[in-house]
Structure formats: structure tokens, C-alpha cells
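Student: Just passing along the structure, written as C-alpha cells.
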Amino acid sequence: MSTQAKPRISMKAVLLSLLVLLANIAVHGLIFLFFRDSTLNPLLTAVFAVLWGVVGIYQIYYSFNWAVEQYPEHVRRKVLPYVFVGPATLVLGWLLILPALRTLYLSFFNASSDKFVGLANYAAIFTDRLLATALRNNLLWVFVGTLACVSLGLLIAILADRSSYERIAKSIIFMPMAISFVAAGVIWKFVYYYQPGDEQIGILNAIVTFFGGEPQAWTSMLQPWNNFFLIIILIWMQTGFAMVIFSAAIKGVPEDILEAARVDGAGEVKIFFGIMIPYISTTILTVTTTIIVFTLKIFDVVMVMTGGQYDTEVVATQFYRQFFMYRNFGYGSTLAIVLLIAVLPVIIINLRQFRKQGGF
Amino acid sequence: MVGRKKRKGNKTVVNVVLGIICFIWLLPTLGLFISSFRPAADILQTGWWKVFPHQEWKAGETVQLSKDVDLREPIEVNGTTYTDDQLKAGVTEGDKRLVWENRRARTINMQERGWEVKPDFTLDNYKNVLSGKEYKLKLGDGSETVQKGTGLSQAFWNTLTIAVPATIIPVLIASFAAYAFAWLRFPGRKTLFVIIIAMLVIPIQVALIPILKDYTALGLNGSYLGIWLAHTAFGLPLVTYFMYNFISQLPKDLFESAFIDGASHFTIFSRLILPLSVPALASIAIFQFLWVWNDYLVSLIFIGNQPNVQVMSMKIADLVGSRGNDWHLLTSAAFISMLMPLTIFFLLQKYFVKGLMGGSVKG
């Protein structure tokens, strides 16, 4: 079958696929303009927009596939994969890869991006007192936050595994994962709320005054300890993530190994450190990496709780401030690149891990 | 037998310790939840735990002192003397507490300790935060002020309009790509895939500035399409990775028989792969949906000040910034924004958990 002469590409097919391409651009362009200028009521706009987003994306694939099917088999086989991966590649290329390169480029320019300044921004960053604070805080976040999330997650997973109400307990610990950082910020602002006097409406100060202590403005006055009070929010939100994954891993530890160890007289603590930890070490590594990456990029909590004031600035909030408030594009870009450099080792570890797993 | 008994004893300890941890974990949310139903004046005056029965000093008998008592001198009440400062703060005397009722009129109240519950609950906070209309607010000292509502209901619809397509678009794009990576052979396949995986850990801050420039040039800023595309790009690496893990594990014969029957790749994908991947699609979709729903940074940058596209997280962050002490608004607004994620969480917990694990531990 395949030895036959390859059929020629018909002119009609080329024209049709061109038409499909143009029609797609025209239709979606028009719909876009309609939404930009429309003054429909919000509910109706919402319904139409959702319809467009959902139907539109399927229609794009459908029409391009249809166009490709107009070609003979040997062409189709070569082109079709690119129809399938094309949109993903385009979106990623345009909105992630190119921007990363452009940010790198911008970081060598001055505030208004019109004069090449070489490494001046980088030099400025590392002599800046504010950045020193931000870096110190980021380190604190990564170190304290990750350590606490991982160890607490592991502890709770093990406790839950042996308790009589595992499901409920896990749901409770995991629940904050579903809450936005902004909402969590409000929740914790309320916990930390401070007003002078004996009557406190924030529970932390209420507890402190109940035991005869002085109420504190936890997130603004107590420097540098206020950072820890912000990190507690991260721990509250992310421990559930670590717990769920550890819990699954622990259940994967073969029961007969544990039984054998128990018969040999090993205590629960020894079993935990001697068998469980080594058995789930890859999981621990993955969870740790995920949380490290996450805490390196921390933004929302700080932004909502303190806005970066009182020495709680982190690199991401610094970046936001430099770029969107001071319009210092070069400096802002440099900060973004510093973040990227900070996660680079993690990218490499992840890729290596992925290859080891036989991903490719 | 001894071993078993010992472990049973441990179990009580485990249950208690875990119970305490769970209580601590729940406490912050519980406080927010209860507060959001309390009248504005109550929230600002007393802690939310006061809605539970507790002991409190209640007003009792009033003692009238002679009008010309000198406040700088020790003040005699029923045979004992106190200072003015003591009476300002309140002094406990046996089971009574003495405190100024009206310092100028020289009256003292003998408070008595008793059980009390604050049972006042209201839906006003929710009403006021959802609508954009003006409303009257009664303060603790009895005075009234007029405040403007927050208009959160519009933000709710905006968030939904952004979140639904921003979930479906990346999941569909990623599934198509994952199918091609797993089952089609084409040049550049490996390189492309590795690049996508590497994107998993890129901080999105790196991409924001150039995207913003492009968006401004194209008029995409503050538009639904712009924000969908941004969320699509930022979610795509993880979703592709996840869907690849699933689709590449499907049995090979499945495709071969369909292919022999003359089905095209597109047909196989939409008639076979998508239905078979429903569990995976559901779990990653929930995850992406929650991510978009809860997002703040991306919206903050690509929506900016456009008031009619603002999402809830931005509205709430604004509230925190501008009216940080209006707890009646903050608590109810935060709870409204949590409603959707929490509902999804409790209904589809199983899938949500699966989605998390697929993204982070595989093999």
C-alpha cells in the first residue's frame, strides 16, 4: 500500500486550509471585538463568554483537523501532530518562553528600558538594603515554611493513618488548600487582629490577654518575628497538600515488611525512621521540591497581610512594587530573573528525576 | 496480645493529639464563619467566641455616691475605699465587680457574674457586601453611618466567567498535546516535551512584564480573552504533564483496533481518549479551576483597574487595604469567595486529591 506513488496535493486542499485559517482568525477576532465593546448585562456577558471560550477552542481544533483531512495520507501524517501540539506550543511560546527571554533582555536595561546598562541592575540589587531584607525573608519562607509543612504533613499523615477518624481529620487539615490566599489573608488578619485594651476580638490576642499577657500587633510590630506569623499562614494552607501525598505513600508501604519489623521487636519510632522514611524518600523529595518552588514565589500572603511593610517584603512583592508602582522596568525584570535563578536548581533536579522515572 | 493492647492504648493518644491539631486547623475558619453572621457592631466589640455560652459581668445594682466626691481622693463605697483608676478599670469584690456607671453623675454599678450567650445573627453583612447599594450601619455606641456596599455579586460572575473557560481551554489544549506526545511520532517531539516539563517550575513573575506589553499593544488588557490566555499558559505545563502521564498509560491495542477500523486520530481522540480520560480530566480540571478561582497576582496585573472585569480576590484585597477594620464586610466577603472552592472541595474531594497526586508524585 505504501509503495504506491504519493498522490499530489490538490490546489483545492491548499485553498480550503487557507480559508479555514482566515475564517478562524476573522470569527474569533470579531467575537473578541464584540466582547470588548459590549455593554450587555454582566450575567449575559458571562454566559456568552463562557460559551465562546469553551465551544471556540473545540471548534478551532475541529476546523484545522478538517482542513488537514483534505490532504493525502502522507502529508496528513506529517502535519497532524503539529495541529495537535500547535496550540499548546504557540501559547507557551508566546506567553512563557519568549517573555522569559525578553525579561532577561530587559534586565540589562535602565528603568525605562531605553539604555543598555549591562549588569548594573544586578549590582544594584545586591547592594540594595530592601532586597537584602527580601532575600532574607524569602530564605526564611523557604526554610521554615518547607520544613514545617513537610514535617507536620508527615506527622499528621501518620497520626491519621492510625486514628479512628482518618477521613474527617484529613478533610479538615486539607481544607485550607481550597481557600484562596486572599481569603486566607482575611481569616488570619482576624486571628492576629490587635486593638489596645483588654477586650480583644482577634483570638490570638484574646488568648494572650486571658493568660495575663499584653496584646501584640503580631504582623506589624514584632520584627523580625512578624515574618513567622505570616509563614504560619502558609503552613496552615500547605500542610494539607504534603499530608495527602504522604498519606498515599505511607499506605503504599507493604504491610508484611512492617509486620516483620514488629515481630523483630522494633518500636514504632524505629519503624518510622528505619522503614517508612527510606521507603517514601522519593515522595518526600518531590513534596519538598514542590513546596520550595511554591514558597520561593510567595506573593499573595504578604501582599494582603502587610503589603510588604514592616520588613516583611519578599522578592515577589518587591518585584511587583518596582515594576508597577515605581515603573522601574530594568530593576523589576532583574528581580524576576533572580527568582528564576533561584528555582533553576529545582528545575534541574526535577528534570533529572523525570528522566530517572523513564519519562522520556 | 500484649502488643495489640499496647497499640490500642496508643490509639487514644493518637486520637487526642490529632483532635487537637484538627481543632487548631479549624479554629481560624470557624472564627471567620461565625463572625460573618454577627451584626457589625457586635463583631467590633466582642470576640466571636462570645456567641458560645460564657461567664460575663452583667449590670446589677447602681450605687449613687454623693455628688461632691473628689475623684483625686480615695473614694469610699460601702465601707471600702478605692481609687478613681481602680473604678475605671473595675475592681472585683467577692462575687461582685465595681465599676463606674457614670463617672460624672458619680454612680457606680455593682456587676454580677452570670452566664451569657450572644445569640444575635444576621444576614445583613452578606446583603451589604453583595450589592453595590448604600446601606445604614448601626455602630456600637448607637450612632448610625451610611456606607456603600461592595458589589461583590458582579465580581462573583466575573470570576466564574474567567474560571470556566480558563479551566476548559488549557485542559483541552493539553489533552490534544499529550495525545500527540504519547501516540504520534514527529520530529522535535522529545525536545518540545522536555521544554514543556521544564516550564513547570518557572516563576510566572518572569513572564508578566513582556506579556503585559503585548497585551497593551493588542488591546487584550482587561479582556476575558487576555486573562484566559494567561491562565492557559501558566497552567499548561502542569496539565500537559498530568494528562501525558495518564494518556500514555492507556493500552496500545485500543488505538490499533480503532485505527484499523479507519478512525482518524481526531476521532480516536474525541470518541475514545476523552471519554476514557474522564477521571483524569475531572481531577486536573478541578485543580486548575481552583487555581484560577483563587488567583490574585495574574488578575491583579492583567485586569488592573478595569472595574467591570474585577474578580473577587481583587475586591477583597481592596477591602483589606481600604477598609481593613470593617470586619462585617471582610468576613462575609471572604466567606463568599470561599463558598465555591469549598463546595467543590467537599463534593469532589476524591478527584481533587487525585489531581494533586498526579501532578507531584508519579512512580
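Student: Quick query: amide H of residue B:63 versus all other amide H atoms, modeled in the peptide plane; which residues come in under 5 Å with a sequence gap of 5 or more or a different chain?
Tutor: It is B:108, B:109, B:110, by chain and number.
Student: Then there's this: Go ahead and collect, in residue order, the members of region A:299-314 whose backbone nitrogen is under 17 Å from a label point 7 Å along the Cα-Cβ direction of residue A:217.
Tutor: Flagged as within label range: A:304-313.
Student: Of all chymotrypsin sites (Phe, Trp or Tyr not before Pro) in region A:220-300, which ones are in loop regions per DSSP and have a Cβ with at most 16 other Cβ atoms within 10 Å? Let's see the in-between values first.
Tutor: Details: sites: A:225, A:228, A:229, A:236, A:241, A:246, A:272, A:273, A:279, A:294, A:299; in loops: A:225, A:299.
Of the chymotrypsin sites (Phe, Trp or Tyr not before Pro), the ones in loops of region A:220-300 whose Cβ has at most 16 other Cβ atoms within 10 Å are A:225.
Student: How crowded by other chains is B:25-35, given as the mean number of beta carbons from other chains within 10 Å of each beta carbon? Before the final figure, lay out each step's value.
Tutor: Values: counts 10, 4, 3, 14, 9, 2, 8, 9, 1, 0, 3.
Mean inter-chain Cβ contacts per residue within 10 Å come to 6.
Student: If one computes the Cα centroid of region B:236-299 and of region B:211-225, what distance in Å separates the two points?
Tutor: When both Cα centres are located, 29 Å separates them.
Student: In whole angstrom, how far apart do the alpha carbon centroids of region A:134-189 and region B:39-72 sit?
Tutor: Region A:134-189 and region B:39-72 have Cα centres separated by 39 Å.
Student: Right, next: Over 34 Å apart: what share of the alpha carbon pairs of the protein assembly as shown falls there, rounded to a whole percent? Write out the running numbers ahead of the final one.
Tutor: On the way: 146829 of 261003 pairs.
Cα-Cα pairs in the protein assembly as shown separated by more than 34 Å: 56 percent.
Student: Run the quick spin-label model on residue A:122 and residue A:90: label points 7 Å from Cα toward the beta carbon, then report their separation in nm to one decimal.
Tutor: 3.6
Student: Tell me the trypsin sites (Lys or Arg not before Pro) within region A:1-95 that lie in a loop according to DSSP and have at most 10 other beta-carbon atoms within 10 Å. Please list the in-between numbers first.
Tutor: Numbers: sites: A:8, A:12, A:36, A:76, A:77, A:78; in loops: A:8.
Filter output for region A:1-95: A:8.
Student: Here's something else I'd like to know. What stretch of chain B, leaving out the sites themselves, is the longest with no trypsin sites (Lys or Arg not before Pro) in a DSSP loop having at most 11 other Cβ atoms within 10 Å? Please report the intermediate quantities before stating the final value.
Tutor: On the way: sites that count: B:67, B:72, B:104, B:133, B:185.
Excluding the exposed sites themselves, the longest stretch runs over B:186-363.
Student: Using the Karplus equation 6.51 cos²θ - 1.76 cosθ + 1.60 (θ = phi - 60°), what ³J(HN,Hα) coupling, rounded to whole Hz, does each residue of region B:297-303 give in order, writing x for Gly and Pro?
Tutor: So the Karplus estimates, Gly and Pro as x, are 4, 4, 5, 4, 7, 8, 9 Hz.
Student: Measuring from label point to label point, each 7 Å out along Cα→Cβ, what is the residue B:123 to residue B:256 span in nm?
Tutor: Going from the residue B:123 label point to the residue B:256 one covers 6.2 nm.
Student: With label points built 7 Å along Cα→Cβ from the Cα atoms of residue A:62 and residue B:26, find their separation and express it in nm.
Tutor: Spacing of the two 7 Å Cα→Cβ label points: 4.8 nm.
Student: Oh, and also: Within 10 Å of each Cβ in B:335-344, how many Cβ atoms from other chains are there, averaged over the peptide?
Tutor: Values: counts 3, 1, 5, 10, 0, 1, 6, 4, 1, 1.
Rounded to a whole number, the mean comes out at 3.
Student: List the aspartates and glutamates whose alpha-carbon lies under 18 Å from that of residue B:50, not counting same-chain residues fewer than 8 positions away?
Tutor: A:198, A:199, B:42, B:112, B:116, B:120
Student: Let me ask something additional. Taking K and R as +1 and D and E as -1, what net charge do the other residues with C-beta under 9 Å from the C-beta of residue A:137 add up to?
Tutor: On the way: positive: A:136; negative: A:311, A:313.
Net of charged neighbours comes to -1.
Student: Another question about this same structure. Could you sort out which of B:58/B:96; A:78/B:252; A:270/A:356; B:190/B:252; A:170/B:354; A:78/B:190 sit more than 18 Å apart by Cα distance in this structure? Each step should come with its number before you reach the end.
Tutor: Details: B:58/B:96 10 Å; A:78/B:252 21 Å; A:270/A:356 30 Å; B:190/B:252 20 Å; A:170/B:354 14 Å; A:78/B:190 16 Å.
Violating the 18 Å Cα-Cα cut-off are A:78/B:252; A:270/A:356; B:190/B:252.
Student: Which whole-Hz ³J(HN,Hα) couplings does region A:157-164 yield from phi under the Karplus relation 6.51 cos²θ - 1.76 cosθ + 1.60, θ = phi - 60°, glycine and proline marked x?
Tutor: Each residue of region A:157-164 in turn: 4, 6, 4, 4, 4, 9, 7, 9 Hz.
Student: Mind checking A:334-347 for the average number of partner chain beta-carbons within 10 Å of each residue's beta-carbon?
Tutor: Working: counts 0, 2, 7, 3, 3, 5, 6, 0, 1, 4, 2, 1, 2, 6.
For peptide A:334-347, the averaged partner shielding equals 3.
Student: When the chain is fully extended, how far beyond the present Cα-Cα distance does residue A:129 get from residue A:264, taking 0.36 nm per residue of separation? If you can, show how the numbers build up before the last one.
Tutor: Working: separation 135, 0.36 × 135 = 48.60 nm, distance 5.77 nm.
In short, 42.8 nm is gained.
Student: Find out how many positive minus negative residues lie around residue A:275, taking Lys and Arg as positive, Asp and Glu as negative, among other residues whose Cβ is under 12 Å from that of residue A:275. Could the numbers behind the result be given before it?
Tutor: Working: positive: A:262, A:270; negative: A:255, A:256, A:259, A:264, A:268.
So the environment of residue A:275 carries a net charge of -3.
Student: To continue, here is another question. Quick one: helix B:189-198 against the long Cα principal axis of chain B, what's the angle to the nearest 10°, folded into 0 to 90?
Tutor: Roughly 10 degrees, rounded to the nearest 10.
Student: Follow-up question, since we're still on this one. Per DSSP helix of 4 or more residues, -39500 (n - 2.57); summed, then divided by the residues of chain B. What does that give at 222 nm, rounded to the nearest 500? Intermediate values should be presented prior to the final figure.
Tutor: Working: 14 runs with 211 residues, N = 363.
About -19000 deg cm²/dmol.
Student: Quick one: among B:229, B:274, B:254, which has the greatest mean-square fluctuation in a GNM of chain B with alpha-carbon springs under 10 angstrom?
Tutor: Between B:229, B:274, B:254, it is B:254 that shows the largest mean-square fluctuation.
Student: Now for a separate question. At 222 nm, what value in deg cm²/dmol follows for chain A if DSSP H runs of at least 4 each add -39500 (n - 2.57) and the sum is divided by all its residues, to the nearest 500? List each step's numbers first, then the result.
Tutor: Details: 17 runs with 244 residues, N = 360.
When only DSSP H runs of four or more count, the value is -22000 deg cm²/dmol.
Student: Can you give the local net charge around residue A:336? Use residues other than it whose beta-carbon is closer than 12 angstrom to its beta-carbon, Lys and Arg +1, Asp and Glu -1. Intermediate results must be reported in sequence, preceding the final value.
Tutor: Details: positive: A:102, A:297; negative: none.
Local net charge: +2.
Student: Which FRET efficiency, nearest 0.05, do residue A:168 and residue A:73 yield, Cβ-Cβ r, R0 45 Å?
Tutor: Numbers: r = 58 Å, r/R0 = 1.28.
With R0 = 45 Å, the Cβ-Cβ based efficiency is 0.20.
Student: Could I ask something else about it? Over region B:242-359, what is the relative contact order in percent, taking alpha-carbon pairs closer than 8 angstrom and at least six residues apart? Please list the in-between numbers first.
Tutor: On the way: 57 pairs, mean separation 41.9, N = 118.
Once divided by the residue count of region B:242-359, the mean separation gives 36 percent.
Student: Considering the zone a paramagnetic label at residue B:12 would reach in this model (a point 7 Å from Cα along the Cα-to-Cβ line), which residues of region A:156-185 have amide N under 18 Å from it?
Tutor: Only A:162-165 pass the distance filter.
FYI, it's all coordinate maths here, none of it is from the lab. These figures come from a predicted structure and were not determined experimentally. Here Cβ is always computed from backbone atoms with ideal geometry, including for glycine, and neighbour counts include all displayed protein chains.
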